[in-house]
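Everything below concerns the one structure shown next.
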Amino acid sequence: MTTATMGIQNAFDVEARRRDFPILATKVAGRPLVYLDNAASSQKPNQVLDAITSYYREKHSNVHRGVHYLAQQATEAYEAARDTVAAHLGARDRHEVVFVRGTTEAINLVAQSYARPQLQSGDEILITQLEHHSNIVPWQMVCEQTGAKLVVAPLDEDGQLRLDAFAECLGARTRIVSLAHVSNALGTILPVAEVVRLAHAQGAVVMVDGAQAAPHMQLDVAALDCDFYAVSAHKAYGPTGIGALWGRRELLDAMPPYQGGGEMIRRVTFAATEFAEAPARFEAGTPNIAGAVGMAAAFDYLNAVGLEAIRQHEAELLAYATERIAQVPGIIPIGTAPDKASVVSFLVEGIHAHDVGTILDGQGVAVRVGHHCAQPLMDSLGIAATARASLGLYNTRQEIDALVEGLDRVRELFA
Ligand code: PMP
């Protein structure tokens with residue numbers, strides 16, 4: 001799809017982009033919806049909705065094995081989606097892209113297919129203090145299975161990775177480093193390229209959780225020089241239930257699959273099975289074909305709008321939101337790294353985050369409250385929960401103003 005066919009001009013026009021998202025016309029409690037929960041899941045533009053509907057209306061069948069017309073159409077659509085995703089991630093080879101349910105499944109795949117067969121008792125997996133549960137629990141499971149040890153690199157007071165401490169945590173036993181590209185709870189952008197350099201120098205492979213990076217920045221696995229990269233479509237304006245794992249081909253080809261079934265084999269006898277090459281060997285069963293089509297449409301949409309234009313718009317909005325929210329009396333910001341993407345997490349002194357969320361909802365403002373699937377991070381900060389406003393490409397200054405008015409109302413009610 002080209003920019004022209006999508007009807008998107010080069011200059012960033014937030015009102016025009018809002019019209020791409022039909023759900024943004026929703027009213028909540030009689031007021032316009034202010035959707036500031038994009039880090040949990042973003043809304044979907046017509047371009048994605050239409051791609052999914054057209055696929056089902058015009059092309060649907062099962063993929064790969066059919067000789068008939070629709071089977072070929074579906075296969076072409078699915079494999080074209082892989083090309084789009086591979087190009088968007090900066091992959092050199094389309095075989096390096098495995099379609100999965102999302103970031104969680106991608107990390108589990110690497111944990112079970114890469115780490116589990118390789119790790120031995122005493123080996124180490126290094127993560128950071130700000131990881132999402134989906135980048136903690138799969139590694140804990142592998143540690144349990146292999147006797148490896150989970151090591152956690154600390155943050156500084158602003159919520160940035162302390163590179164000096166990280167380097168000290170890296171050792172001869174570190175086999176895998178796994179870290180978020182962007183923190184969902186704090187918004188911190190992590191210095192992934194730097195981490196990769198340090199980790200590779202010690203002979204460790206690096207897995208990057210790109211769930212929160214995909215909606216906000218140009219992805220480029222080659223520039224990062226990482227070994228695995230995971231994304232979820234639903235946080236980047238695509239559908240739920242689909243995502244991608246990118247992995248270096250030589251690593252993927254050497255990894256045994258951890259799920260068996262149809263589609264992932266070269267030959268099966270009752271005695272034994274020969275697996276297909278990557279990525280097919282990791283895609284057992286009928287895949288989420290419409291999801292892959294929708295994911296590719298979402299990446300086409302991001303490119304048509306322009307990732308640089310999105311980055312600039314969101315950076316301005318983040319600066320505005322950070323400043324406005326900080327002016328509300330009793331606000332305690334959580335996560336103040338200079339290099340951040342799209343997330344403002346905060347506490348309101350003396351008021352439980354869940355009350356903050358409920359009162360804001362009464363005014364049509366959707367934020368997320370809770371531990372954001374980062375309980376160990378919350379524990380290390382000595383808090384149970386934060387309120388989190390997370391921005392997307394369609395958010396506006398007026399919506400930040402509505403959030404701030406909502407916070408004033410919260411304070412009035414609890415005064
Ligand atoms: N990592 C991060 C940083 C996330 O924010 C999320 C989703 N909240 C995930 C991983 C998991 O993504 P998914 O639920 O789409 O698998």
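Summary of computed values
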quantity	calculated
Highest-MSF residue in the chain out of 39, 366, 326 [GNM, Cα springs under 10 Å]	326
Cα convex hull of the stretch 40-144 - mean projected area over all directions, nm²	9.6 nm²
Relative contact order of the chain, defined on C-alpha pairs under 8 angstrom at six or more residues apart (%)	23 percent
Rounded if a/c under 1.5, otherwise prolate or oblate - the stretch 169-256, Cα gyration tensor axes	oblate
Net charge of Cβ neighbours under 13 Å - reference residue 73; Lys, Arg +1; Asp, Glu -1	-1
For the chain, built as a Gaussian network whose Cα springs stay under 10 Å, the top-fluctuating residue of 398, 218, 43	398
Summed residue charge, Cβ within 13 Å of residue 63's Cβ, Lys/Arg positive, Asp/Glu negative	-1
The chain: most fluctuating residue of 54, 134, 183 per GNM, C-alpha cutoff 10 Å	54
Total charge dipole magnitude, the stretch 75-180, about the Cα centre, Cβ charges on Lys, Arg, Asp, Glu only, Debye to nearest 20	340 debye
Rounded to 5, the percent of DSSP beta bridges in the stretch 51-303 classed as antiparallel	45 percent
Of all accessible heavy-atom area on the stretch 202-347, the percent that carbon and sulfur account for (1.4 Å)	53 percent
DSSP beta bridges in the stretch 161-230 [antiparallel fraction, %, rounded to 5]	10 percent
Rounded, prolate or oblate (a/c below 1.5 giving rounded, otherwise prolate when a/b exceeds b/c) for the stretch 225-350 by Cα gyration tensor	prolate
Rounded accessible area per residue of the stretch 130-203, 1.4 Å, Å²	40 Å²
Reciprocal of mean inverse Cα separation for the chain (Kirkwood radius, Å)	22.3 Å
Accessible surface of the stretch 59-154, 1.4 Å probe, proportion on carbon and sulfur as whole %	50 percent
Candidates per GluC sites (Glu not before Pro) in the stretch 188-289, loop by DSSP, up to 14 other Cβ within 10 Å	277
Those GluC sites (Glu not before Pro) in the stretch 58-135 that DSSP places in a loop and that have at most 13 other beta carbons within 10 Å	none
Rounded to the nearest 20 debye, dipole of the stretch 306-413 from Cβ charges on Lys, Arg, Asp, Glu	140 debye
Net length gained if the chain between residue 27 and residue 40 were fully extended (0.36 nm per residue, minus Cα distance)	2.7 nm
Shape of the stretch 306-413, Cα gyration tensor, a/c cut at 1.5	oblate
Excluding exposed DSSP-loop trypsin sites (Lys or Arg not before Pro) (at most 13 other C-beta within 10 Å), longest clean stretch of the chain	93-415
Rounded to the nearest 20 debye, dipole of the chain from Cβ charges on Lys, Arg, Asp, Glu	900 debye
Pairwise centroid distance, computed over Cα atoms, of the stretch 308-358 with the stretch 195-267, Å	29 Å
Solvent-accessible heavy-atom area per residue, rounded to whole Å², over the stretch 323-415 at 1.4 Å	43 Å²
Theoretical FRET efficiency, 1/(1+(r/R0)^6), r = Cβ-Cβ of residue 327 and residue 165, R0 30 Å, to 0.05	0.35
14 Å reach of a label modelled at residue 414, 7 Å along Cα-to-Cβ, counting backbone N of the stretch 352-380	352-361, 369-370
Mean-position separation - Cα centroids, the stretch 157-172 and the stretch 373-405, in angstrom	25 Å
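The values are calculated or read from the model by the stated rules, or taken from the named source; none is laboratory data. Since the model is a prediction, treat every value here as computed from it, not as a measurement. Note that each Cβ is placed from the backbone with ideal geometry, even for glycine, and that neighbours are counted across all protein chains shown. Just so you know, the surface numbers come from the protein's heavy atoms only, side chains and all, with ligands and any DNA or RNA stripped out. Shrake-Rupley method; radii C 1.70, N 1.55, O 1.52, S 1.80 Å.
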